[in-house]
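Notes follow once the structure below has been shown.
The values are calculated or read from the model by the stated rules, or taken from the named source; none is laboratory data. As the structure is a prediction and not an experimental result, all values here were calculated from the model. What goes into the accessible areas is simple: the full protein's heavy atoms, side chains included, and nothing from ligands, DNA or RNA. Shrake-Rupley method; radii C 1.70, N 1.55, O 1.52, S 1.80 Å.
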Amino acid sequence: MPANRPLVGTVTSAVQQADTERDLRAAVCDAVVDAGYEFACFDGTDGDPVTASQPAVEPPEPLTVTPAFDDAASGPTPAGSDAARGAREPLGDDAPAPAAVERTVTWVPYDDGRAAAVPVVDGDDYYGTLAFGPDERDDSDDERDRLAAVGSIAGQGLTRLRAVRERDRLRDSLRTERRQFEKLHSIAAAMVACEDATGIYHLAIDAAENILEFDVCGIDVVEDGYLVPKATSTGLESEDSQRLPADAGIAGRTYQQNTSMVVDDVTTHEEAEPANPAYTSVLSVPIDDVGVFQAGSRERAAFSQTDVELVELLMAHVSATLRRLRSADALRESEQKYRTLVEQSHDAVVTYADGGISFANERASELFGRSHEELLDGDARELFHPEDCAKVERIVGELTPEAGRRETFESRIQRPDGDVRFCEFSATSIDYEGDVAVLASIRDITERKARERDLERQNERLEEFASVVSHDLRNPINVARGSLDLAASTGDDEHLDRASDALDRMEALVEDVLELARQGQLVDETEAVSVAEVAADAWDCVDAPESTLEVETDLVVDADPSRLQELFENLFRNAVEHAAVDGGVAVTVTACEDGFAVTDDGPGLPDDSHDEVFERGFTSVEDGTGFGLAIVESIATAHGWTIDAVPADGDANRGARFEITGCRGE
């Protein structure tokens, strides 16, 4: 089949422009057809095939042209053969890929000709099979390598898109958890206004249904030795909530042991007595000595540890509010009764009036690291971090004009020993001794903030991973594309060798950066490396036919060879791209004091920019990404080296010069 456009280059362009996995599959099929083939089928592991074809060409059913990888031992089986009859089960995301020896390009019969079937892989990750035809090329290693490159490029694109999807999922999870915590504390403040237990129960169920988004849930209260339903969600039928002995089933165990339980599958739990067998998984949380909260889902293993923590927080507020109601009559007569209730709260509780603390429970003394007397007699502003004092005073000013106003906010407190704690305040303005005061429930969220920072750092590493991969893959992709174009136009197989080397470089780069994303560090182990050899290898990966490289040093340094080559590639590419308007550039690698230097005769760096060229996003060309020199600096720093951009100091014949020092080996 004579190709109208280079296959690898067309597919590479399509992969780079795709935003989702399905878009990528469709774009790859369209690219293959644009390259001149009559049809293309991408049969992914999710069982959702994509096809494309030339006008007036009916694409075949994917099962007739794509091999079925039944298992690693048997290898690929043409889907049209007797051994592959019947529907195929789609592979899940965690399904093992066929062994490397089975992941090979094959040709399968199609009409009167053959179709090429290419495994789409990236390392050990298998994404499906791309089939296209008719294809009458020779069954040779060179042809297999060329077609395998197409599958590898598509596989790398799918890996990148999945990494981006995972980053977005983690970010959304963090935002959702933070929003749920804020809303639950607002519900806690609303519970304070409830006048009876029934109102508290319904408010808690409403929060679980609308904030935590549980399918069904309910609260059972112990009365005369039985768990009696008191409040249920809108989706729960009356027959699904029954009166049970207080020691029966999962609810009874939760109440008796005062311990939260998560049951992933009630059909395998010996104590489960579900009123409705349609609900498979259960979350059960005690409400102190009052009763039990339960949530159910039709999905197996629907509840996470985060769900447990959020419900325990909600039930803690329910418990605290119920305790207040139990003493309601006494509280109306005496503030002391109210203080007894508050002292039993899991949170610190204070009352702020007239510029000072007028009431504080024992938990508040523990949280602030001060005695009860010190809290009441001291300056309230000294309790807060100096940078947060103005914020707290502003919020108090917004609450105190009238009773009934509520605000949930975060602030830092500072203990006498200098320890700083992050806290969440649920504040309500109340009538207090003839004036308006602020009643605040305070929860120490220092550990939660630490978890949030960990998630943010993980997101940053994922973003760095996506940026570095998309940037540094450009060089070998361009080399591979150019070499394959030359091979197609000249018929010289030497160009295919250069393309193969570039693809090997791409694979090594992806593996290294994946290792960076997993371990959070750039350099793991080093060895003695020749600067001249690594610089020459790096130059081969830079598409610069009009430029030259001269290495004038035999320096040997301790380095990670792959990362050092990446450093040189970025410096060389920086020199070539910035000299593009003036034609080729001459690049020289020399030794310098305690290291080596890379110098070019191009236009050099912009004036007064030598200190900021390594910042991410800095670029002096219109289409620059601003990542190249930042990556160079991160590689140097990870080796314990220092890199500096050296000004020309009036030397009109010299362009940019970068000195990497602190790396002398032999």
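Miscellaneous remarks
- Per-selection metrics, segment 185-298 (Cα): Rg and Dmax in Å: 13.5, 42
- For segment 587-615 and segment 260-316, distance of Cα centres in Å: 63 Å
- Fully extending the segment from ASP608 to GLU460 would add 50.3 nm, taking 0.36 nm per residue of separation and subtracting the current Cα-Cα distance.
- Phi to ³J(HN,Hα) by Karplus 6.51 cos²θ - 1.76 cosθ + 1.60 over segment 585-600, Hz, x for Gly, Pro: 9, 9, 10, 10, 10, 10, 7, 9, 4, 6, x, 9, 9, 10, 10, 10
- Note on GLU366 and ASP168: the extension gain reaches 67.4 nm, defined as 0.36 nm multiplied by sequence separation minus the Cα-Cα distance.
- Stretching ALA403 away from ASP141 to a fully extended chain increases their span by 86.2 nm, per 0.36 nm per residue minus the current alpha-carbon distance.
- Computed over protein heavy atoms with a 1.4 angstrom probe, the accessible surface ordering of ARG453, ARG323, largest first, is ARG453, ARG323.
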